[in-house]
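Visitor: Got a structure for you, written out below as structure tokens; questions coming shortly.
The values are calculated or read from the model by the stated rules, or taken from the named source; none is laboratory data. Not measured: the values here are computed from a predicted model. Counting neighbours? That spans all protein chains shown, and the Cβs are built from the backbone with ideal geometry, glycine included.
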Amino acid sequence: MPPRSHSPSSISLGMSEAQLVSSPQFSPPKFSPFFHPFGEIRTLNSVRELHAQIIKMPKKRNLVTMDGSMMRNYLQFGDFESATKVFFVGFARNYLLWNSFIEEFASFGGDSHEILAVFKELHDKGVKFDSKALTVVLKICLALMELWLGMEVHACLVKRGFHVDVHLSCALINLYEKYLGIDGANQVFDETPLQEDFLWNTIVMANLRSEKWEDALELFRRMQSASAKATDGTIVKLLQACGKLRALNEGKQIHGYVIRFGRVSNTSICNSIVSMYSRNNRLELARVAFDSTEDHNSASWNSIISSYAVNDCLNGAWDLLQEMESSGGSYENVLTNFRSLQSAGFKPDSCSITSALQAVIGLGCFNLGKEIHGYIMRSKLEYDVYVCTSLVDKYIKNDCLDKAEVVFHHTKNKNICAWNSLISGYTYKGLFDNAEKLLNQMKEEGIKPDLVTWNSLVSGYSMSGRSEEALAVINRIKSLGLTPNVVSWTAMISGCCQNENYMDALQFFSQMQEENVKPNSTTICTLLRACAGSSLLKIGEEIHCFSMRHGFLDDIYIATALIDMYGKGGKLKVAHEVFRNIKEKTLPCWNCMMMGYAIYGHGEEVFTLFDEMRKTGVRPDAITFTALLSGCKNSGLVMDGWKYFDSMKTDYNINPTIEHYSCMVDLLGKAGFLDEALDFIHAVPQKADASIWGAVLAACRLHKDIKIAEIAARNLLRLEPYNSANYALMMNIYSTFDRWGDVERLKESMTALGVKIPNVWSWIQVKQTIHVFSTEGKSHPEEGEIYFELYQLISEIKKLGYVLDINCVHQNIDDSEKEKVLLSHTEKLAMTYGLMKTKGGSPIRVVKNTRICHDCHTTAKYISLARNREIFLRDGGRFHHFMNGECSCKDRW
């Protein structure tokens, strides 16, 4: 495996520093990229013999893996000295994180001080360490409280002239600050000739940690005179110091510094400015600073609301709380501030209770909801119809329909909103008999159902995949003299998209237009999602034109959906043009554009966009990292994959999900590191699902590893016993090795379980017609002409070097029959038909429901070269873009 690049906080499989420190044992699965056996090791002598062989190996071999393996082997046999020597000798070329080695060294029973003893021994023998190694030694001294050795290293640094190295000086500052006090740290700083920005920030932060607030502010003044730039973190801590010192003038000066150097877009700094003014009893300045902040996050609202509450301005605090909710503030903070206002003496009325209940609904905090329910009972607010309707909604969203029913039936003078709320709850959960029963009860009590009532039924049926019943409700609406509105039809379309019935969604849109119902932005977004999901680019382009004519393009959600649609349709230039025309790009915009590049294997473009996004101040989320890791796996960029996977937790505090783990397994597997992929799976804190084992099995097909394939297949068939794709893939692998007996065994298992391989099809859209080529059912009316053209095409590309790959036919038949089978593959027929019917060099776009075979993949590459045509093919696994004889997947699929 190629060496990973390591951030200062993690070297293991995406683990944080805290996870590494708490690791109970130095086990192979957790360190598989570095520590894996080269062979069977039985004794310490065999370890030493192996080490001697490795030393003799050519230097081009993977030294990271070798050094790591040798360290583990020595540790297992208790030779701590040799393990440490490998660590130090290999350190110059491997940036192994020091603290992980210390902890794992101790887990095998070693005394951590032995590490420094080996360092001294090597130093006495004349081993020269570079500044990077000595910096790490100083960090070890800091962790092990070895001040005197640290001072010896310092003396050595002075003799060798390394005192000018800024990183060494920073390490010394941290060491002296902790064990000799801040005066020693300041002396080191003053004696450092080259005082770079990093050093200035380190000494300021050291003084702040030592609570030398005035000294830190004085250093900041000197720092400005030296034209050094303070980091965002330093500015935040300095503002906090101004708040603690009640140093209003200094705080104002720092505020001016922030404005002068364009740091006002940093939300953390702006929040600290608000807090600083508040602590200095300047609430009016705090409010001005808050209002001037463009993007308010939860901390912003917390800061300003708490400032008002602390200063006994409860009404102002409550006004801000309501403003926070209306402007998209998080429900969690609405609740937090709601409770803090209660503690300060504010008595919530029915309106504020309703806001708090909406927050409970958004968070799903059932216990907090019960507290509020208790307050409602004590305050005799249970008769308020709006409060009760919110309570019903809360219990429905928390999957407590029985409690919702109790509240509903105890509510007097129920209005139509209360009825609609419970009916919507029933339909949301798929309890349509209950919904119909309540609808009849509603009529009996003299309350006439309105369009909201009926739309909840339409939405419920549609989301449950029962389009016919949903359409029947729309007809009932018409029969009652009402007119289905845009919400009714959008609910139909959205439900079809959710159930991947994209063609039905488009048909309902046509019907909606026939009835002169104008779509809204939600309708357009849903339709574009349908086009993206089914790769119906031409229809998507028509919807784009419709959006332009009706002025929808300024809607950020529609623009984002357009990026997604064009990206999945292979028109990345158009997607990028839409993206660039968005003035205020949201995080979903960035994510969609990155994913568009990622699915076609343009990893470098994904990384460039990510860097641009960070410069604009937009913070990534879990979906961003899915796009980054997808770009890595589809481009074969293993080192970058590790870098971004590690940075999720260390840099952004985002916990990896099963989707991220699946991307990493896919990346390792496709790159040929199948053993490492298995080790990674064992180290994953979550239980591996079918997506992870499916990635392993697909990689085994690519690299012809039947041993690991059988491991993956066993897990897959246990997780998904009725998924025919898993059986088909494993049968393909067995047939590659001529293990026809195992193929028959799997077929028998499928028969016993009633599992059938579904019909294989491919389709292509020519003008307004979709042409389907299938292994079953009715053949295409132009089949004869298509096969004639295909045979000519095969003859043409054979002259360029194409050879039929009969190994792709996983049937026990003779070679001539295998060639016939290959020529009948549906994607070949669809591509051929596209060449016949499209002119002018326009791209061929084909959709296939299963994974493309190797022969068809090779055929598509040769066709793109021979006919100078771009071919976009979306198969059951990924997207392929063929051009000039190459594919965007780089033959990793």
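Visitor: Condition first: more than 23 Å from residue 466 (Cβ to Cβ) and touching a residue at least 12 places away in the same chain (Cβ under 8 Å). Now tell me which residues in segment 500-518 satisfy that.
Guide: Result: 518, single match.
Visitor: Let me ask something else about it. Counting just the residues of segment 773-793 that are in contact (Cβ under 8 Å) with a residue 40 or more places away in the chain and within 44 Å of the chain's Cα centre (by Cα), which one comes out surrounded by the most Cβ atoms within 10 Å (Cβ to Cβ)?
Guide: Here the residue is 773.
Visitor: Only residues that are of a type in the set (Val, Ile, Thr) and surrounded by 15 or more Cβ atoms within 10 Å (Cβ to Cβ): list them for segment 124-157, please.
Guide: The answer is 135, 136, 137, 140, 153.
Residue-by-condition table, conditions (1) over 30 Å from the mean Cα position of the chain (by Cα); (2) modelled with pLDDT under 85:
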residue: 236; (1), (2): no, no
residue: 255; (1), (2): yes, no
residue: 270; (1), (2): no, no
residue: 280; (1), (2): yes, yes
residue: 284; (1), (2): yes, yes
residue: 296; (1), (2): no, yes
residue: 300; (1), (2): no, yes
residue: 305; (1), (2): yes, yes
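Visitor: Quick one: which helices (runs of 4 or more DSSP H) lie wholly within segment 774-893 and hold at least 1 residues that are closer than 27 Å to residue 538 by Cβ and of a type in the set (Lys, Arg)?
Guide: 826-837, 854-866
Visitor: Looking at segment 668-707, which of the residues that are part of a helix (DSSP H, G or I) and charged (D, E, K, R) is surrounded by the fewest Cβ atoms within 10 Å (Cβ to Cβ)?
Guide: Selected residue: 707.
Visitor: Give me the residue from segment 852-884 that is among the basic types (Lys, Arg) and over 30 Å from the mean Cα position of the chain (by Cα) and, out of that set, farthest from residue 602 (Cα to Cα).
Guide: The qualifying residue farthest from residue 602 (Cα to Cα) is 867.
Okay, residues lined up against (1) loosely packed, with under 14 Cβ neighbours inside 10 Å; (2) among the aromatic types (Phe, Trp, Tyr); (3) within 30 Å of residue 407 (Cα to Cα); (4) over 33 Å from the mean Cα position of the chain (by Cα):
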residue: 419; (1), (2), (3), (4): no, yes, yes, yes
residue: 433; (1), (2), (3), (4): yes, no, yes, yes
residue: 443; (1), (2), (3), (4): yes, no, yes, yes
residue: 462; (1), (2), (3), (4): no, no, yes, no
residue: 471; (1), (2), (3), (4): no, no, no, yes
residue: 485; (1), (2), (3), (4): no, no, no, yes
residue: 490; (1), (2), (3), (4): no, no, no, no
residue: 498; (1), (2), (3), (4): no, no, no, no
residue: 519; (1), (2), (3), (4): no, no, no, no
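Visitor: Would you confirm, using the coordinates I've provided, whether residue 650 is of a type in the set (S, T, N, Q) and in contact (Cβ under 8 Å) with a residue 40 or more places away in the chain?
Guide: Considered against the rule, which asks whether it is of a type in the set (S, T, N, Q) and in contact (Cβ under 8 Å) with a residue 40 or more places away in the chain, residue 650 comes out as yes.
Visitor: I would also like to ask the following. Would you mind stating whether residue 556 is more than 20 Å from residue 765 (Cβ to Cβ), surrounded by fewer than 20 Cβ atoms within 10 Å (Cβ to Cβ), within 27 Å of the chain's Cα centre (by Cα) and not acidic (Asp, Glu)?
Guide: So residue 556 fits the description; yes.
Visitor: It is to be established whether one or more residues within segment 181-195 are modelled with pLDDT under 85, hydroxyl-bearing (Ser, Thr, Tyr) and under 22 Å from residue 144 (Cα atoms).
Guide: No - not one qualifying residue is present in segment 181-195.
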